[in-house]
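Down below is the structure, laid out as structure tokens.
The values are calculated or read from the model by the stated rules, or taken from the named source; none is laboratory data. None of the values given here were measured: they were computed from a predicted structure. Here the Cβ positions follow ideal geometry from the backbone for every residue, glycine too, while neighbour counts run over all protein chains shown.
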Amino acid sequence: MTSLSVTEPATVSTAADLSAGVLLDGVTKRYDDDSPALDVDRLHIPGQSLTVLVGPSGCGKSTALGVVSGLIPPTDGRVLIDGTDVTDVSPGRRGVSMVFQDFALYPHMTVERNISFGLRLQAKHDRKSGLDRVEIERRVAQACDSLGLSELRHRRPAQLSGGQRQRVGLARAIVRQPKVLLLDEPLSALDAQLRQQARVELVRLHRELGNTVVLVTHDQLEALSMATHLVVMNNAKVLQVGSPAEVYRRPLDLFVATFLGSPPMNLATVTLNETHDALTGPGLTAWLAEPVLDVPDELRLGWRPGDGTLESDSATRPSGLSVHGVVDLVEFTGDTKIAQCTGPSGRWAVTVPANGPAPAVGESVRVHVPADRLHLFDPATGARVEAADAPADHQR
């Protein structure tokens, strides 16, 4: 039999990686005597990664971005960029650029002047480190060409769409050629179609530039589709880091499991049988791939709506979950249909292809989920429990 262990969140890369990228080392941020707005033991953002900080409002992700930028001084701890301690270095000398949610463009300046403003200001006040006019013009032209702004260089912000203003804000940041590019919910002001286009553009831009990008969002679709490195936060703490596929497929606790995914993960309370190879609950049975030990008799069982398949009552399976319910609602979302169901175990959902047959409202259904797509959590702590010799996570 295989013993189980509760998996502890992994919130930092190995020491060999720490010379590149951003390291938050024992960083906290408090305002007065309140609970910390940020409380990170040790978080490494790999160099040249597109790292996304995702979590609900107030989880500390924007505070973390502010601490990296230097706009928010930490109460405790250190900030390192490419191995250099920059905790007490001013924002302008850290080698970072930041794009805010509202882009903060100057309305009286043209696109070209907005993009070059920071470089021109630096050249005016610091002739030794500043760039000459020719180099500034070259960088502006290159940024405009990369972001499709060449035709708009002489327009003012009022003459631009939301997506175009977003690109101007990005161009103004990248002309500084920063070591780290910080993006604070840069797509939140765009409509759905522009957001999709902007996601593709940002990923392409990151691949071309090759610098470290840290993006903050509460939108899980942005996080999962854009990130090469994902950081999930809640209540000022880092809960899990890894590739999007790793975090999605093997969440370390109930919060991560239910926060990522739309529809969210289904959950049910189950009891482990005496032989430790099956779980039972109202209206469901789950046969495990192998017996397990050292877990509470009562567990929380999770499964993704997309991992289930409809099957007939006569079908038999050697392992996996079989759950019964009645269809309450069928949602058409374009590529899929989502059947919202209610059964003895509670409410749950299953997705089916939009071009295939879907159950009717009021119909009794049975869904099967493979054993390797099931998730178990300790109901007392919310932590994931799994076999100590579980297979490696799927990589993105």
Practice item. Exactly one condition in (1) more than 21 Å from S49 (Cβ to Cβ); (2) of a type in the set (S, T, N, Q); (3) within 31 Å of the chain's Cα centre (by Cα); (4) in a helix (DSSP H, G or I) is not met by S225; state its number. Key: (1)
Review point. Does V361 meet the test of being more than 23 Å from the chain's Cα centre (by Cα), farther than 15 Å from D307 by Cα, surrounded by 15 or more Cβ atoms within 10 Å (Cβ to Cβ) and at pLDDT 95 or above?
Key: no
Check your understanding: Scanning the stretch 369-383 for residues that are in contact with a strand residue (DSSP E or B) (Cβ under 9 Å, 6 or more places away or on another chain) and assigned to a loop (DSSP other than H, G, I, E, B), which turns out surrounded by the most Cβ atoms within 10 Å (Cβ to Cβ)?
Key -> D378
Practice item. For the stretch 98-113, state whether one or more residues are in contact with a helix residue (DSSP H, G or I) (Cβ under 8 Å, 6 or more places away or on another chain), touching a residue at least 24 places away in the same chain (Cβ under 8 Å), among the small types (G, A, S) and part of a helix (DSSP H, G or I). Key: no
Check your understanding: Does the stretch 295-303 contain any residue that is in contact with a Pro (Cβ under 9 Å, 6 or more places away or on another chain), of a type in the set (K, R) and buried (at least 16 other Cβ atoms within 10 Å of the Cβ)?
Key -> yes
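So that you can scan it fast, the table gives a plain yes or no per residue for (1) more than 14 Å from the chain's Cα centre (by Cα); (2) modelled with pLDDT of 95 or more:
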position	(1), (2)
V241	no, yes
P251	no, yes
F259	no, yes
T269	yes, yes
E274	yes, no
G281	yes, yes
L284	yes, yes
P291	yes, no
Point to revise | Contacts under 9 angstrom Cβ, first residue in the stretch 353-367 being hydrophobic (A, V, I, L, M, F, W, C), partner surrounded by fewer than 12 Cβ atoms within 10 Å (Cβ to Cβ), 6 or more apart | key: A354/F332; A354/T333; A354/G334; A354/D335; A358/F332; V361/L329
Practice item. Could you look through the stretch 21-45, keep only residues that are part of a loop (DSSP other than H, G, I, E, B) and within 21 Å of the chain's Cα centre (by Cα), and pick out the one that is modelled with the lowest pLDDT? Key: G21
Review point. So, in the stretch 138-172, of the ones that are among the charged types (D, E, K, R) and part of a helix (DSSP H, G or I), which residue ends up nearest to the chain's Cα centre (by Cα)?
Key: R167
Exercise for review: Could you please tell me which pairs satisfy a Cβ distance under 6 Å, a separation of 6+ or placement on different chains, a first residue in the stretch 135-156 that is more than 18 Å from H206 (Cα to Cα), and a second residue that is modelled with pLDDT of 90 or more and of a type in the set (D, E, K, R)?
Suggested key: R153/E112
Check your understanding: Is at least one residue of the stretch 106-126 of a type in the set (V, I, T) and touching a strand residue (DSSP E or B) at 6+ places or on another chain (Cβ under 7 Å)?
Key -> no
Practice item. Just give me the residues in the stretch 83-112 being of a type in the set (D, E, K, R) and at pLDDT 95 or above, in sequence order. Key: D85, D88, E112
Study note, to complete from the structure: Given (1) surrounded by 15 or more Cβ atoms within 10 Å (Cβ to Cβ); (2) out of contact with any Leu (no Cβ under 8 Å at 6 or more places or on another chain); (3) farther than 28 Å from P244 by Cα, V86 misses just (2)
Exercise for review: For the stretch 245-259, state whether one or more residues are assigned to a loop (DSSP other than H, G, I, E, B), in contact (Cβ under 8 Å) with a residue 24 or more places away in the chain, at negative phi and surrounded by fewer than 20 Cβ atoms within 10 Å (Cβ to Cβ).
Suggested key: no
Exercise for review: Examine the stretch 124-142 for a residue that is crowded, with 18+ Cβ neighbours inside 10 Å and under 21 Å from L50 (Cβ atoms), and state whether such a residue exists.
Suggested key: no
